[in-house]
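Below: the structure, in structure tokens.
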Amino acid sequence: MAVIIFLVIAALLVAGGFLMSFFWATNDGQFDDTYTPSVRILFDDEKPAENHKPL
Amino acid sequence: MTLNETKIACYHCGDDCTGNPIVLEDKHFCCHGCKTVYEILQDNNLCSYYDLNQHAGVSLKSANFNGKFDYLTDEKIQAQLLDFQSKTIHKVTLFIPAIHCSSCVWLLENFHKIQVGIFTARLNFLRKELSLSYDPSKVNLQTIVELLATLGYEPLINLQSAEHAPKQNKVQRRLILQIGVVGFCMGNVMLLSFPEYFKLDLNTITDATYQGFFLYLNFLLSLPVFFFGASDYLKGAIISIKENVRKKTNVLSVDIPIALGISALFVRSTFETFVNHSAGYWDSLAGLVFFLLTGKWVQQVTYNYLSFERNYKSYFPLAVKVNDGYKNVSALQKGDIIAIHHQELIPADSLLLSERAYIDYSFVTGESEPIKKEKGELIYAGGRLIGEKVNLAVQKKVSQSYLTELWNNDAFKKEKKTPAIDLANAFSKYFTYITLAIALVTGIYWHFVEPALVWTSVTAVLMVACPCALTLSLPFTMNTTMGFFGRNKFFVKNQNVIQSMTEINAIVFDKTGTLTENKNGYLHFENGKLSEQEKQQISALAAQSVHPLSKMIHQYLVGVGKATVSYFNEIKGMGIEGIVEGGLIRLGNTEFIGLTNGRVEASQVHVEINHEYRGYFTIKSAYRKNWKEVLKQLQANFRMALVSGDNAEEKENLNPYFDKNRLLFNQKPQDKLDFIRKEQQAGYRVLMIGDGLNDAGALRQSNVGIALSEDVQAFSPACDAILDASNFARLTDFLQFSKTALGIVKASFLLSLVYNFIGIGWAVSGQLSPVMAAIFMPLSSLSVVLFAVGMTYLFARLKKLI
């Protein structure tokens, strides 16, 4: 039954990894601006240049 | 309906193309500026700009920035703006007020496609800040700024741009990290505590091993909760105790009972874990800290896209032309010769070297009409030049000028006073003492009855009495209130302001721009009457000129019929004359007409017909809609006063609403500040409503300073709240609702006290088990929060705030 102890530790390590990535994200400034990304994600990819008419 | 009658919307900005639209391909543009932007975007294949939002552009009709950004060529001035610079890369953050839609985000983040040398462009939409990094060998700052201005996104650069304000981000990030870490620990601790809840029987050796393992793991997981998550409360409590010991204050910060509770939980749980080898209250501890931090986060929420901290530096230009170079305005010395152009601000008190100048002081003094200055006269800083370029000799440093001296006043040096009674702290004083007393009595009682229970019951009392629910109800109620105010375009700086609002008993108004509107002035003809025919003649003549006053006159006289102009002459800065239907009409200032009496007032247009003086047109500012009702409502409950920088012309209109002694005109900014201070010394708590720089001192000195603004994004002086002018009429509702909110907070205090009594009841009898605490403590917190938010919502509904 020692497997449960092993599992708990493993689970904590995995979760700890995510906690680390949360630290990284926060210090990287991902939570500084929570609005603009919601606008940014709506942009389509570049249109092909067919409507480009030189003047 | 013919084609001419349909309105044609500009393809770029959506404005009505009056007059002659410029047509390119099948698209119409209202002005050349808009067309240019379209061409630039088309050249760079960026026309999806128009697909994201129709008419996304910013109108460029009134844009004129020729030479405005020349000072950016100066290396020293450039360096003050840059966030970072090396040989290969420069980084700069620009504030762009015109940003308004997703197209703006898209275009500006694709800026590198328009301009070579740009590495990255990143936009913060709410703050309206564009962060750019670029290659200084390929492009310079001036080119970038000018291109942005051409596109309609003119960056706002002023004296304050050079001061890189410490970012709020660090505090915010620490709190987010604390919440994250404590949340993580809380989840795991609760999970590991589950077996304990279901009473694992410890008969087998395996189960006992597990129990021990879970216990020690819980202890480890609680260390970051106590030492990182709760650190601010512990520190706050220690500081507050120290201050009390040194007799600096007799206020017990609310941090003390909280820290007491947290420490009791930690010590008792550690004891249980290591001495009794039984479950501690780890889950309660983690949950408690998590709730506290969430409340703190809610408390910090503010409108970070609005600025409440502006001083004169936000209005003053960054640099000014001195001799042949440019100089940072704050480095100006006595004797420097500066050149100022049309619409630019005079940065320092200086002598006029040119022949004459018209200075618009409306923003500084509240006086609505531009003032004429002659050669050799002293011009005070803060005025805006109207008309031709002038040269000035600086007399005083910027920080010592007549206007900016206001900011040297004590009122600006002190932190602004918080509400007289800080609810949570006032409460905590009694709370702490009562809790300690109960703990003491309990301890003494069990000492004689059952000595084994002393330790458990005393710690249980301290644990359960922790005023968590109490500290949560205040931020959540106030935050909800702030949100409802915001929906009604009343933006308060922080939660303290709402508390201060409840204590107000006197209100001081500014006139120009506050009771009256800033924009919609209306024209009025005084000192005489004009016949229909004369009106026709004047209208026809005025139509010939592009001067704003001529345009206003033409619009004022609209519908009087047409007349032919056979001669027309305009003398710049003076007036116009012409022969209309055989009559000689002259329109202009006093000098032009040849009047000797009276000073030159730029907003007056005098009329002479066939060498006979007929009177003058003058611009009057209109009062805000419903201003009378608002004043009447307020009059009933508050001591009212009006301090205006303008002349006493409007006294008659205002008399009914103000006491004679408190209806003051021709007040300087310093006078306004002093007036507020005098009222406060007489024991009143004053609300000041103003709009301009001239009110800055008064707004600062007052208990609550509200800046009224027709565009909340545009600048307003440092204040506690910004009210959109369109909702001026709701002022009384806001004041009333702040009191309602305070009532709700008090009600939820009572509710949480009830919980505390129940909890303490268990605690004194020594019955508080870890499971009970784990269920009871979060439940009481949650229900108090729900009560507070729900009641606020309900009352906002009743008062029609939503």
Residue that is modelled with the highest pLDDT, among those in the stretch B:254-293 that are among the hydroxyl-bearing types (Ser, Thr, Tyr) and surrounded by fewer than 19 Cβ atoms within 10 Å (Cβ to Cβ): B:Thr270
Per-region count, the stretch B:20-37, residues exposed (fewer than 13 other Cβ atoms within 10 Å of the Cβ) and over 38 Å from the mean Cα position of the chain (by Cα): 3
Enumeration of residues in the stretch B:100-126 that are modelled with pLDDT of 85 or more and under 18 Å from the mean Cα position of the chain (by Cα): B:Asn124, B:Phe125
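Out of B:Ser709, B:Ser702, I need the residue that is of a type in the set (Gly, Ala, Ser) and without any contact (Cβ under 8 Å) to a residue 60 or more places away in the chain. Which one? Walk me through it before giving the result.
Working: B:Ser702 fails: without any contact (Cβ under 8 Å) to a residue 60 or more places away in the chain.
After ruling out the rest, the residue left standing is B:Ser709.
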Residue match in the stretch B:427-434 (condition: closer than 30 Å to B:Thr732 by Cα, in contact (Cβ under 8 Å) with a residue 60 or more places away in the chain and basic (Lys, Arg)): no
Residues of the stretch A:17-46 satisfying the condition of being surrounded by 12 or more Cβ atoms within 10 Å (Cβ to Cβ) and closer than 30 Å to B:Thr209 by Cα: A:Leu19
Residues (within 7 Å of another protein chain (Cβ to nearest Cβ) and under 11 Å from the mean Cα position of the chain (by Cα)) located in the stretch A:1-25: A:Phe22
Extreme residue, farthest from B:Arg174 (Cα to Cα), among residues of the stretch B:224-253 that are within 14 Å of chain A (Cβ to nearest Cβ) and open to solvent by 40 Å² or more (accessible area, probe 1.4 Å): B:Pro224
Extreme residue, surrounded by the fewest Cβ atoms within 10 Å (Cβ to Cβ), among residues of the stretch B:38-61 that are touching a residue at least 60 places away in the same chain (Cβ under 8 Å) and away from chain A (no Cβ under 14 Å): B:Ser59
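Condition check ((1) within 20 Å of the chain's Cα centre (by Cα); (2) hydrophobic (A, V, I, L, M, F, W, C); (3) more than 19 Å from B:Ser314 (Cβ to Cβ); (4) modelled with pLDDT under 90) across all residues:
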{"site": "B:Ala682", "(1), (2), (3), (4)": "no, yes, yes, no"}
{"site": "B:Asp711", "(1), (2), (3), (4)": "yes, no, no, yes"}
{"site": "B:Asp733", "(1), (2), (3), (4)": "no, no, yes, no"}
{"site": "B:Asn756", "(1), (2), (3), (4)": "no, no, yes, yes"}
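Name the one entry in B:Thr93, B:Thr88, B:Thr73 that is of a type outside the set (Asp, Glu) and more than 27 Å from B:Val329 (Cβ to Cβ). Give the derivation first.
On the way: B:Thr93 fails: more than 27 Å from B:Val329 (Cβ to Cβ); B:Thr73 fails: more than 27 Å from B:Val329 (Cβ to Cβ).
After ruling out the rest, the residue left standing is B:Thr88.
The values are calculated or read from the model by the stated rules, or taken from the named source; none is laboratory data. Only a predicted model underlies this, so the values are computations on that prediction, with no experimental measurement involved. Ideal geometry is used to build each Cβ from the backbone, glycine not excepted, and the neighbour counts take in all protein chains shown. Side chains included, ligands, DNA and RNA excluded: accessible areas come from the protein's heavy atoms. Shrake-Rupley method; radii C 1.70, N 1.55, O 1.52, S 1.80 Å.
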